[in-house]
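K.L.:
Questions regarding the structure given below will be posed in turn.
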Amino acid sequence: MIRFDRVSKRYPPGLDALSDLSFEVTEREMVIVSGHSGAGKSTLLKLIAAVEKPTGGAVLVGGQNVGGLARSALPFLRRRIGMVFQDQKLLFDRSVFDNVMLPLSIAGFPPKDAAMRVRAALDKVGLASREKALPVMLSGGEQQRLAIARAVVNRPSLLLADEPTAHLDSETAADVARIFHEFHHVGVTLLIATYANELFPGARPLQLDHGRLVS
Amino acid sequence: MKVWLAHHQDAALLALRRLAAAPVNSLLSLLAIGVALSLPAGGQMLLANALHLAGTTSAVPQISIFMASTAERRAAAEIESRLGKYGGVKQVQFLPREETLARMKTNPGLRDVIEVLPGNPFPDAFVVTATDDRPEAMEKLAVEFRQWPKVEHVQLDSAWVRRLDALLRLGRTAVILLGVLLGAGLIAISFSLIRMQALMHRAEIEVSQLLGATDGFIRRPFLYYGVLLGLGGGIVAWVLVGAAALWLRAPLGDLIRLYDLTLVLEALDSRDSTMLLGFAAGLGWLGAMISLRQHLRQY
């Protein structure tokens, strides 16, 4: 599903975030990317969604070299990928419901079907009763679950999550991890960048150290 | 199709909500655009009225043909029949020299002068109106008539027509110039307002791009915002011009009456109004489009 072929990413003025990185993720696999802060975990995820482009090598997603995609093709790649961002990127002037609705509006779903899907996604993360609330009224754990609902509402086959349990207390973190396990069980391929390996038993670890693969 | 319409409706409603979210800002922006547009729109209003006035004024440009005083009536009759057959001539009025003499004698000041003169000093004359009364066409006719036999003098009383024509042309150029200048101003206003909007909604643009939104999807509410600004400004300009027309109607009518003319100052007609609103909305859209080109390149 995902293949990194000798991928490197250098940020000006010569900072190597990733160097000579090769690995493969097969369909329905759950992989956790770990490593110290600045090891290149976020960069790795960004390369998959073509938020960043590699400076060397090739990133293949579903057989497609995403680094070489034209700007106009990027939206269609990103619609196939669910993303949970480190800083969540929720829209604070829109309700919980509207935040989750956004990917469906973007993909052009008919509004009625979309509303049903939004409610299903919110139900899945346990926010069904908060759909009218604004994100500021939610706790940290609820905001994280909202971000997950937005990432999965499109039913992507690939889900990328960047530090989804950071800043959460252990109970809430376990709760969030449980949601990811559920998606894994229904066949979603997961790539999770995290420090908390213990929350994802059974996942294949990819250990990064200064932009290089350790194991 | 339904989905597409729903998207446009959403984008338009979002744009309206954003305008309503900062009412003072929005109103002042609309006023700025409206005042800027009211100058060319007002110019067009005055021009349309001047054209109307010129069109309804009864003084149709004419060509006067004077026969040589030695010419006999036969020569005049020949010219008359020739004029009657000549293409481009709409109407011919023959003024026999006796009639002219009689008419001049009714003027007490002139009578004394005429009586001391030997014989009839007036020649036979024709007053010709042309089917095409543009100055160039009139000039051409006059040149032709001058070459006819026994014609002493041909006078073209189109000087005032030329002056009016030149004046109206100047007015039209001024209106176009104002329109172009202030249209560019509108684009600039729309550009910077949309820029502010894009900065305010930067997070939303970024998130939408990360979630797979096309540029078209992201642009849509901003373009509607630009169109609404332009359209709103156009309506303000239309109201301003209408109010000015109403306010100026009585004093301008009084002034024009001194020249034995009548004028009821009219506001913009439906064609000009449609053009004003169409241009305003289009320029608002254009400003937004240019402004967004820069912002969408970021992610």
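The values are calculated or read from the model by the stated rules, or taken from the named source; none is laboratory data. Values in this document were obtained by computation on a predicted structure and should not be read as measured data. Neighbour counts run over all protein chains shown; Cβ positions are idealised from the backbone, glycine included.
K.L.:
For the structure I just gave you, tell me whether A:V84 is touching a strand residue (DSSP E or B) at 6+ places or on another chain (Cβ under 6 Å) and more than 18 Å from A:L21 (Cα to Cα).
P.N.:
yes
K.L.:
Related question: Could you please give the count of residues in the range B:121-167 that are under 19 Å from B:T70 (Cβ atoms), free of Cβ contacts under 8 Å to residues at least 60 places away in the same chain and either of a type in the set (A, V, I, L, M, F, W, C) or surrounded by 14 or more Cβ atoms within 10 Å (Cβ to Cβ) (or both)?
P.N.:
Final tally of qualifying residues: 3.
K.L.:
Oh, and also: Would you confirm whether or not the range B:197-210 contains a residue that is over 30 Å from B:S64 (Cα atoms), more than 14 Å from chain A (Cβ to nearest Cβ) and either modelled with pLDDT under 90 or in contact with a helix residue (DSSP H, G or I) (Cβ under 9 Å, 6 or more places away or on another chain) (or both)?
P.N.:
yes
K.L.:
State all residues of the range B:211-234 that are free of Cβ contacts under 8 Å to residues at least 60 places away in the same chain, in a helix (DSSP H, G or I) and within 14 Å of chain A (Cβ to nearest Cβ); if no residue qualifies, say none.
P.N.:
Once the filter is applied, which keeps residues that are free of Cβ contacts under 8 Å to residues at least 60 places away in the same chain, in a helix (DSSP H, G or I) and within 14 Å of chain A (Cβ to nearest Cβ), the range B:211-234 yields only B:G216.
K.L.:
Still on this model: Residues to consider are B:R195, B:R172; find the one that is charged (D, E, K, R), touching a residue at least 12 places away in the same chain (Cβ under 8 Å) and in contact with a Leu (Cβ under 7 Å, 6 or more places away or on another chain).
P.N.:
Every option except B:R172 fails the conditions.
K.L.:
Kindly provide the set of residues from the range A:50-72 that are surrounded by fewer than 15 Cβ atoms within 10 Å (Cβ to Cβ) and at the interface with another protein chain (Cβ under 10 Å from one of its Cβ atoms), ordered by number.
P.N.:
Matches in the range A:50-72: A:R71, A:S72.
K.L.:
Only one of (1) modelled with pLDDT of 90 or more; (2) away from chain A (no Cβ under 14 Å) fails for B:L168. Which number is that?
P.N.:
B:L168 satisfies every listed condition except (1).
K.L.:
Looking at the range A:166-196, which of its residues are outside any loop (DSSP other than H, G, I, E, B) and loosely packed, with under 14 Cβ neighbours inside 10 Å?
P.N.:
A:S170, A:E171, A:R178, A:E182, A:H185 - these are the residues of the range A:166-196 that are outside any loop (DSSP other than H, G, I, E, B) and loosely packed, with under 14 Cβ neighbours inside 10 Å.
K.L.:
Now for a separate question. For residues in the range A:75-133 being part of a strand (DSSP E or B) and aliphatic (A, V, I, L, M), which is farthest from A:K53 (Cα to Cα)?
P.N.:
A:V84
K.L.:
For B:S69, are the conditions met, namely being at pLDDT below 85 and outside any helix (DSSP H, G or I)?
P.N.:
So B:S69 passes the test.
K.L.:
Collect the residues in the range A:147-165 that are assigned to a loop (DSSP other than H, G, I, E, B) and within 12 Å of another protein chain (Cβ to nearest Cβ), keeping them in residue-number order.
P.N.:
Within the range A:147-165, A:V153, A:N154, A:P156 meet the criteria.
K.L.:
So, one more: Of the conditions (1) within 30 Å of A:D93 (Cα to Cα); (2) crowded, with 16+ Cβ neighbours inside 10 Å, B:R202 satisfies every one except a single condition; which number is it?
P.N.:
(2)
K.L.:
Assess whether B:A125 counts as being in the same structural domain as B:W238 (by TED's automatic domain parsing), modelled with pLDDT of 80 or more and not charged (D, E, K, R).
P.N.:
No; evaluated as a whole, the condition is false for this residue.
K.L.:
Kindly evaluate B:R249 against the criterion of being of a type outside the set (S, T, Y), part of a loop (DSSP other than H, G, I, E, B) and surrounded by fewer than 18 Cβ atoms within 10 Å (Cβ to Cβ).
P.N.:
No, not satisfied.
K.L.:
B:A54 passes all but one of (1) in contact with a Lys or Arg (Cβ under 6 Å, 6 or more places away or on another chain); (2) in a helix (DSSP H, G or I); (3) at pLDDT below 85; (4) not hydroxyl-bearing (S, T, Y); which number fails?
P.N.:
(1)
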